[in-house]
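The structure under discussion appears below in the form of structure tokens.
The values are calculated or read from the model by the stated rules, or taken from the named source; none is laboratory data. Small disclaimer: the values here were computed from a predicted structure and weren't measured. Every residue, glycine among them, receives a Cβ derived from its backbone with ideal geometry; neighbour counts consider all protein chains shown.
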Amino acid sequence: MIGVFGARTGAEEVEAAGASIAAGWMGLGPQVARFEAALAGRAGQDVVLVDSGSSALHAALVALDLPPGCEVVLPSMTYVACANAVVLAGHRPVFCDVDVETANVDASVIERVLGPRTAAVMVVHYAGRPVAMDDVLALGLPVVEDAAHAVDSWAGDRLCGTLGAVGIWSFDAVKNIATPDGGAVTSAHPAVTEQVRRLRCCGLVGAAHEQDDDGRWWEVEVERPFPRMTPNDVSAAIGLVQLGRLPEHQARRRAIRERYDRELTGLPWLALPPADAPGTRSSDFTYLVRVLDGRRDALARALRVQGIYTTFRYQPLHLTGAFAGAQRGPLPASERLAEEGLNLPLHPALSDADVDRVVAALRAW
Ligand SMILES: Cc1ncc(COP(=O)(O)O)c(C=O)c1O
């Protein structure tokens, strides 16, 4: 089966993970610090690792210190962890729509749902396509950037994740930097990242290994109850290798995207994703097309029979039980995408023959 998402890993990742295990310490240690420093060097600001992108969202929302019970506006068409993070931090999610072409939010859809209790906005750089951040920032609210898909997405020379008050990346097993699991919080405000660094191990401040030998080194302070989000050295060691291979993997993603752009154009029933906006660069995390003839589900099933797995990300959250009713007004583009959208295989582990098969199957449909 040709996978819709995937990662390219090999001997270097195996060796890095093995070295970390052989060193006798697999938990939070020197590899975490090295991976953080490498990410911070490229971001130009502090980066704190945690155990997943979902945890990073939760930690970011907590570290922003918004008023209890306030509202946070975010797209309905996003991963559930985004809305979960808002709730877990003690706030209320309010969903906005996205643009049907880009699947991204813009300032106009956010503005439509702002209310007197709105205290922050969360944007998602869908598929790694940079959201038009200047317009969103001009709304005057703190912006949380979900850059889970966008670890190599650029607006000019500025990296997505570093454009708002706080940003997050995901390093799960199919992201552009793939590890077993991992995530990071980044911010230009030291108070935000320092708080995440303090809280990430259950909120235990001053864990034993951080203390000197005088006094009762086993005593800790609990600043506030917080989940365990501890990053580990094995994942960080793999992440460092993947970071080094990022240019090679990104080039492969871009080549596949360009082939789809070229070879799927002109099919009257298929809308392709738009080109990158001038001055921006997507990380090409996924390739979302729209099937315009009402036969999206039939196409997905036919492709699966041929060994080509596709999917749709993300089912709008306002259509799920837990978050039903959290919108303020209709969200027509999100609902249309839920009927028409289909993610095609796009990742660096695809061979040319895999891409040939996807293109041929779509052209023959
Ligand atoms: C948009 C978005 N945000 C957050 C996450 C959460 O990341 P993780 O899987 O590392 O928890 C994902 C994961 O797929 C995602 O796609």
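Across the stretch 260-270, what is the total count of residues that are farther than 13 Å from T286 by Cα and crowded, with 17+ Cβ neighbours inside 10 Å?
Of the residues in that region, 2 qualify.
Conditions tested, residue by residue: (1) loosely packed, with under 13 Cβ neighbours inside 10 Å; (2) outside any loop (DSSP other than H, G, I, E, B); (3) of a type in the set (A, V, I, L, M, F, W, C); (4) modelled with pLDDT of 95 or more.
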residue	(1), (2), (3), (4)
D212	yes, no, no, no
E219	yes, no, no, no
A298	yes, yes, yes, yes
R313	no, no, no, yes
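Within the stretch 104-124, take every residue that is farther than 18 Å from H91 by Cβ and of a type outside the set (A, V, I, L, M, F, W, C) and give me the one that is surrounded by the most Cβ atoms within 10 Å (Cβ to Cβ).
Pass one, the stretch 104-124, residues farther than 18 Å from H91 by Cβ: 104, 106-109, 111-112.
Filter once more, keeping what is of a type outside the set (A, V, I, L, M, F, W, C): 104, 106, 108, 111-112.
On the way: N104: 21, D106: 17, S108: 11, E111: 14, R112: 13.
Checking each candidate, the answer is N104.
What number of residues in the stretch 278-293 are surrounded by fewer than 15 Cβ atoms within 10 Å (Cβ to Cβ) and in contact (Cβ under 8 Å) with a residue 24 or more places away in the chain? Quick ask: steps written out before the conclusion?
Start the filter on the stretch 278-293 by keeping residues that are surrounded by fewer than 15 Cβ atoms within 10 Å (Cβ to Cβ), which leaves 278-279, 292-293.
Restricting the remaining residues to those that are in contact (Cβ under 8 Å) with a residue 24 or more places away in the chain gives 279, 292-293.
Number satisfying all stated conditions: 3.
Of the numbered conditions (1) within 30 Å of V289 (Cα to Cα); (2) in a helix (DSSP H, G or I); (3) not acidic (D, E), R34 satisfies every one except a single condition; which is it?
Result: R34 passes all but (1).
Strands (runs of 3 or more DSSP E) wholly in the stretch 109-208 with at least 1 residues that are more than 12 Å from the ligand (Cβ to nearest atom) and touching a residue at least 24 places away in the same chain (Cβ under 8 Å) - which ones?
On the way: elements: 118-124, 143-146, 166-170, 183-187.
Passing ranges, in order: 118-124, 166-170, 183-187.
Return the residues of the stretch 34-81 that are more than 12 Å from the ligand (Cβ to nearest atom), under 16 Å from N232 (Cα atoms) and touching a residue at least 40 places away in the same chain (Cβ under 8 Å); say none if nothing qualifies.
Selection gives R34, F35, E36, A38, L39, V47, V48.
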